[in-house]
Amino acid sequence: MQAFWTVILLIISNVFMTFAWYGQLKLSEMHISDGWPLIVIILLSWAVALLEYFFMVPANRMGSNINGGPFSLMQLKIIQEVISLTVFTVICATVFKSQPIQWNHIAAFGCMIAAVFFAFLK
């Protein structure tokens, strides 16, 4: 169950992370943040990123074999990167429709999946 909850918390944290990093671009695209000072955009992004940490830190603590979890640090990082790319791809395809996904993006994603395979290879 630790592996399951680790992955769920990582997914949630990456949703917040993606919106913290790229949500301001959507606000700009929609002309909502036109004229906002950069410091306001940064502070807004930090506020969203803080929510990310409420899920990321417990996921890493729960998932790490240092704390009795099922994953090594390398495995945790590679899982997080694949989840990050997956969440980003879903958000990009659904929220940022002006940024189409191309074949080379899918090929890069396949390389990340291969990285997971090799990270878990005994």
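A short reminder: the numbers here are calculations on the coordinates, not readings from a lab. Note that this is a predicted model, so its numbers are computed, not measured. All Cβ positions, glycine included, derive from the backbone under ideal geometry; neighbour counts span all protein chains shown.
Given that compact globular proteins tend to follow 2.2 N^0.38 Å, what is the ratio of the alpha-carbon Rg of the chain to that value?
Working: Rg = 16.4 Å, N = 122, 2.2 N^0.38 = 13.7 Å.
Its radius of gyration relative to the 2.2 N^0.38 Å reference: 1.20.
Taking amide H as placed 1.01 Å from N in the peptide plane, Ser33 has its amide H under 5 Å from the amide H of Ser28, each at least 5 places away in sequence or on another chain. Overall shape of the range 65-122 was characterised from the C-alpha gyration tensor. The equivalent ellipsoid obtained from it has semi-axes of 28, 14, 5 Å, in decreasing order.
Here the mean projected area of the convex hull built on the C-alpha positions of the range 1-42 is 3.3 nm². The distance linking the range 10-26 with the range 56-94 is 14 Å (Cα centroid to Cα centroid, whole angstrom). Computed about its Cα centre, the charge dipole of the chain is approximately 300 debye, with only Lys, Arg, Asp and Glu carrying charge at their Cβ.
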